[in-house]
Every structure is written in C-alpha cells, then in structure tokens.
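Below is one structure, written out as structure tokens; comments come after it.
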2 protein chains.
Amino acid sequence: MRNIITISRQFGAGGSTIGQAVAERLGFYYCDKDMILKAALESGTLTPEEIRHYDERVPFQFGFGQSLFDFYNKPLDERLFNAQKEAIKKVAEKGNCVIVGRNANIILKEFDKTLHVFISGSEKARLKRMCEKMPDTPEEKVLEHLREVDRTRKKYCKYYTSTLFGHAPYYDLCLKSSSLGFDKCIDLICEAAKAE
Amino acid sequence: MRNIITISRQFGAGGSTIGQAVAERLGFYYCDKDMILKAALESGTLTPEEIRHYDERVPFQFGFGQSLFDFYNKPLDERLFNAQKEAIKKVAEKGNCVIVGRNANIILKEFDKTLHVFISGSEKARLKRMCEKMPDTPEEKVLEHLREVDRTRKKYCKYYTSTLFGHAPYYDLCLKSSSLGFDKCIDLICEAAKAE
C-alpha cells in the first residue's frame, strides 16, 4: 500500500478536486500548494521581510483567480522553493497524505511507499472548467491565463527539478481527467495505491 | 467501454506483455508492431522493390534482438509510415483490439471509444528485463542499445506525429510498470477501459 500520494496536474484538470476525494476515501491528510506555501512561510527559514514580500505577491485571501494570477508570474526564488521542499518532506514523513502541487514527486523521490500521480486534461475541457470557476473573466482572458500557467509550471519544474513537467516516466500513474472523468480517476488512484 | 486500446511504451517496460494480457482478459484482438509492419508491407501500397528493401532492413525471422537492432537504426520513411497508418486504422475500424506501438494514439486520435495507454519503466528495471531476454549480449551493450532505442522512438514520434513521446497529455493513462508491477498495470488498464 502506498501511503504518500503526490498529485501534479495541469491547470484546470481537476487535480485538487480529485486529490481531495482520494484523501477522503482513503482517510488521508490533504495538503495543497497554498498549505505548503503557508507552512514554508511560517517555518522560520525566511526573514519577516521576505515573508512580507511573498505575502504581497501571493495573497491567499484574495481568492483563487487573483492568487494564481500573481503567483505564477514568475518562479519563486530558491529560498522559498527550499522552504516549501522542507514543508513537503515534513508532511510526507508523517505518511497517510495526499500532496497536490509543488513538484512533490521529485522532492519525495527517495521516499518509500509513494504513488506519484499526474493529472492532465484537454485544453478545451480545462478552459470550460476554469471559465465556470471564474465567471466574471472573459473566456479569451481565461485561455490566455491557462496557457501562461502551463508555460510557467513547465519552466518552474524544469528550473527547480531538472525534469520535464508531465513526462510520464517521472510519475507512477498519469490520468487524463477530461477523457476518463473525475470519478474514474479517483477509482484508479485508489486502486493503484494498493500496489506493493 | 473503450474497445480500441493503444499501448505506447518505453523499450523493455513490458508494453507487449501487458498488452497481450489485457487483450486476453478482454477478449480483444492483439496487434503489435511486427504485425502492423507485415500488414503494411502486404497492403500493395509499396512496390515489390520497396518491400524487398524493407524486408532486408527488418528481418522478422532473425528474432527479437536482431530485428530491433536493425529496425531502429533510423526512422522508416514516409511511405512505410503511411502504409502502417492505414494498417492501424483498418485494425481499429473493426474494434475490440489492443494495438501496441507505432504511435497509434496519434494515428487514431479522431476515433471514438479509444483508450490510449503509455507504459514506462525505470531504466534499471528495463535493463534487467532486456538482459534476461538477451542473455548472450553483454549488459553494457544492452544498455547502449536501450538508450539508442529510447532516443530513436522519441525522434520517430516527433518526426511523424509532431508530438512528444511519453508526454502524459497525449495519453489517457500512463503507468510505470517498474513501480506498479505488471499485474497492477493490467488491472488498471482493464478498469480504465470501462470508462464511458
């Protein structure tokens, strides 16, 4: 049984929704990028000035769209990346967790009993989903943002982990949510987690 | 239910073995690259001279290692690629099939009821498996060959389909056989095939 599940995902592919459902079904702790970032900022490895700086760039309280627009403008710097890495390892050491985002698959590559998952989706399906989540934003703006996030996650992954974002050999299981449906993705992850 | 299953795979990751088992369990027709190539050569779209030429380059009868060493030296040319494409479509039109290799996921991207699978494996596990299959070849020679095939499949895929070999968004389901085990991969493919 794998008791540390990481979920990397394309923007809008439903990684968080699927991850939460998996955590609930397996009785695991759920942890996403905002929680990791918060833990990193509170870890004491960054100075109060740095925290203020990141707090301004990543306003949790501003809600989903706003937070992401700011957050993905450019890769966060090494110090914050390292603080997040430590936060992820701390969560993983306790086991029984689902960790979404932050290239946790690479950060935890030496850990045992891991299941590294990647969730993709067609651009059309992801756009539709994000438009529903951001009803006040024009579709073309959402599409532009989606492509920008795609590019940034790729760059972030390459820069910090020297691996290719979404390249199958870096994950145990990759699922296309727009083809299989969310429920089937949840079933398959839970089934795969039973592997030795 | 998906009744056309394509399996792309890294060399040595067990794609054929897994594909055969899936076909058997679901009662589907199994079709691999040698069968596709044979159908392409027999399709009448190539001249007898061309067939003789390819027959010399791809000697089926010489067995596994030999055939692959010759086969992957360079991408086959466009005419043969197109003949193989037609052969793959012909198999798919009948449905209830598992097709291994030849970028069938891209060739059949307009088909309904498809499940496109990619099988990866760690280099270590793939090397071990290939060494068992080629007991008379020194390990370093097998490793060299494995890396050459990896490079060639990537190039072939890029050249003929303009897509990235092994990039998760091009497949519905990607599995790492060295992590999950062959039996779990077979189970997961059969389970995923039940998706609408």
**18 Å cut-off, amide nitrogen to a point 7 angstrom out along A:Lys109 Cα→Cβ, residues in region A:142-185** = A:154-174
**Inter-part distance where region B:116-159 and region A:168-190 are each reduced to a Cα centre, Å** = 25
**Request:** Give the chain B residue with the shortest beta-carbon distance to the rotation axis relating chain B to chain A, plus that distance as a whole number of Å.
**Result:** B:Cys174, 2
**Message:** Treating the point 7 Å from Cα along Cα-beta-carbon as the label, what are the nm separations from A:Glu196 to the other copies, to one decimal?
**Reply:** 3.8
**Complete:** Taking a straight Cα-to-Cα line shorter than 17 Å from A:Lys124, and setting aside same-chain lysines fewer than 8 residues away, one finds A:Lys133, A:Lys141, A:Lys176, B:Lys109
**Prompt:** How large is the dipole of region A:79-196 about the Cα centre if only Lys and Arg carry +1 and Asp and Glu carry -1, each at its Cβ, rounded to the nearest 20 debye?
**Reply:** 400
**Request:** Specify whether the C-alpha gyration tensor of region B:73-173 places it in the rounded, prolate or oblate class, a ≥ b ≥ c being the square roots of the eigenvalues: rounded for a/c under 1.5, otherwise prolate if a/b is larger than b/c and oblate if not.
**Result:** prolate
**Asked** PRE reach from A:Lys38 (point 7 Å along Cα→Cβ): which of region A:133-155 fall under 20 Å by backbone N?
**Response** none
**FRET E, pair B:Glu139, B:Phe182, Förster distance 25 Å, beta-carbon r, rounded to 0.05** = 0.70
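Since every read-out is calculated from the coordinates, none of them should be taken as a lab result. The shown structure was predicted, so the numbers you read here are calculated from the model rather than taken from an experiment. Cβ sites come from the backbone with ideal geometry, for glycine too, and all protein chains shown count toward neighbours.
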